[in-house]
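To start, the structure itself, in structure tokens.
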2 protein chains.
Amino acid sequence: MVNEISNTEEKIVKAAIVVFVKKGYDGTRMQEIADEASINKSLLHYYFRSKEKLFEKVFANVFSEVIKSITQVIEASSTIEELLESFVSTYINLLKTKPYLPNFVLHEINRKPSVMVDMINSKGENKIRLIKLLSQEGERNDIREFDPIQIIVDVLGMSIFPFIAAPIIKGFIFEGDEDTFNNFIKERAKHIINFVKSAIFINSD
Amino acid sequence: MVNEISNTEEKIVKAAIVVFVKKGYDGTRMQEIADEASINKSLLHYYFRSKEKLFEKVFANVFSEVIKSITQVIEASSTIEELLESFVSTYINLLKTKPYLPNFVLHEINRKPSVMVDMINSKGENKIRLIKLLSQEGERNDIREFDPIQIIVDVLGMSIFPFIAAPIIKGFIFEGDEDTFNNFIKERAKHIINFVKSAIFINSD
DNA sequence: GTCTATAACCGGATAGAC
DNA sequence: GTCTATCCGGTTATAGAC
């Protein structure tokens, strides 16, 4: 078979994702990745030559997975309601299983903006569809006039922020109580959908 | 005078804030702080003994400044409208001048959650006032029923997220165009205020 | 208090045996 | 492909002269 990936290589990438996503590039030790993968440190260099190369692999992997899941949602939706509901639900569900993810992407993107932005731009076709959908729906007369881009950022911010700021929200608002925080997250998607609907739709009650 | 702080010590802290906030703990080199402060590297150790100690000083400084500015706003407001308007405006203005700040706090808090959370909790009295204000206003009959805490997180997320995600928004949505992005930020506070108002107030039009 | 020199350590990377 | 041993550069931290 072509494209066959050795068991070891696969183990390395998996382990590297775990460690890099949690600790960031600078905070990650090659030894820790090796331990996580239960292999010898020098194998990391045998397969990926350098920490930087391994990191690039990890970042591209993680990022494209996120983009893929978002793209699917956008393509499957034909009204704003639908888009809003399925976007928020799938995105928050994704983050429930991978809470470190946004912090990782956002932190690393500040480290080497140029490289990252190149990568991001190579995945941007579905943006057009999104804008089109939003402006076409903007002609409906039961919708308040807001800048569609501001609304996209609103929804993203409301969805992602609780996970980025989890330690602060947990500690500061819920006084460290894990259960109330989890319940808050459980209700989050539903809340955002209702909140945004009552903001943009006239007579949504 | 008691409490007199030497000029050098002050210069070090200022420089350390700049570098730590931009590069994070792991990404920061003591040499870079020394350069930024135009002093000799060994003076950093003379005044603060270790990188870790210096960092703690910096984090406490930065964090308490943020808390102070938020507290002032909360204390000065007596209705939700007022609170919303002055909170969003002052917070976004603060972030315009210090865009790296949220990323720094949120990234470092994940590095050593226990230490950080202790620090955070030592500043939490104004939270009570905030909750009281929100639930008391909840009795007004021109307001839709939402969980006040969800709304606090909504507002925080909408305000902070554009700055955390600036490189992505700039690159992905505005195709790298600095001007459109700046304009987007300029409109941001106004938008959030309108958006939240039309979400929570019945007949806000 | 400030500087130069250097110690002590750590972590990424490589050589070479198996 | 995998392992052990080791190198080498960089970074924190300290010693000691001024």
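Annotations
- Amide H partners (placed H, <5 Å) of A:Ile143, local residues excluded: A:Ile202
- Dipole of the protein assembly as shown, positive end: most advanced residue of A:Leu94, B:Ser89, B:Val196 [Cβ charges, Cα centre]: A:Leu94
- The protein assembly as shown: Rg to Rh, with Rh as the Kirkwood radius over Cα pairs: 0.98
- Under Karplus coefficients 6.51, -1.76 and 1.60, residue-wise ³J(HN,Hα) of the stretch A:193-202 in Hz, glycine/proline x: 4, 4, 4, 5, 4, 6, 6, 8, 9, 7
- Charged side chains reduced to their Cβ positions (Lys and Arg at +1, Asp and Glu at -1) give the stretch A:56-200 a dipole of some 380 debye around its Cα centre.
- A simple spin-label model places the labels of B:Asp177 and B:Glu52 5.0 nm from each other, with each point 7 Å out along Cα-to-Cβ.
- Dividing the summed helix terms, -39500 (n - 2.57) for each DSSP H run of n ≥ 4, by the number of residues in chain B produces a 222 nm estimate of -24500 deg cm²/dmol to the nearest 500.
- Relative to the dominant Cα principal axis of chain A, helix A:7-27 is inclined by about 70°.
- Label-to-label distance, nm, for residues given as A:Lys186 and B:Ser78 (7 Å Cα→Cβ offset): 4.0 nm
- Per residue, the average separation of C-alpha pairs within less than 8 Å and at least 6 apart gives the stretch B:1-49 a relative contact order of 34 percent.
- What you get for the stretch A:1-49, charging only the Cβ of Lys and Arg (+1) and of Asp and Glu (-1), is a dipole of about 140 debye around the Cα centre.
- Per-pair calculated FRET efficiency, R0 = 35 Å: B:Lys96 and A:Glu65 via Cβ, rounded to 0.05: 0.60
- Cα-based Rg of chain A normalised by 2.2 N^0.38 Å, two decimals: 1.20
- Dipole magnitude (debye, nearest 20) for the protein assembly as shown, charges at Cβ of Lys, Arg, Asp, Glu: 1440 debye
- Rounded to whole Hz, the Karplus (6.51, -1.76, 1.60) HN-Hα couplings of the stretch A:140-149, x for glycine and proline: 4, 9, 9, 10, 6, 7, 10, 5, x, 5
- For chain B, built as a Gaussian network whose Cα springs stay under 10 Å, the top-fluctuating residue of B:Leu83, B:Leu43, B:Leu54: B:Leu43
- ³J(HN,Hα), Karplus 6.51/-1.76/1.60, whole Hz, each residue of the stretch B:54-62, x for Gly, Pro: 4, 4, 4, 4, 4, 4, 4, 3, 4
- Using alpha-carbon coordinates, inclination of helix A:126-137 to the longest axis of chain A, degrees: 10 degrees
None of the figures in this text is laboratory data; all of them are computed from the coordinates on show. The structure displayed is predicted, hence computed values, not measured ones. Here the Cβ is made from the backbone with ideal geometry for all residues, glycine too, and neighbour counts use every protein chain on show.
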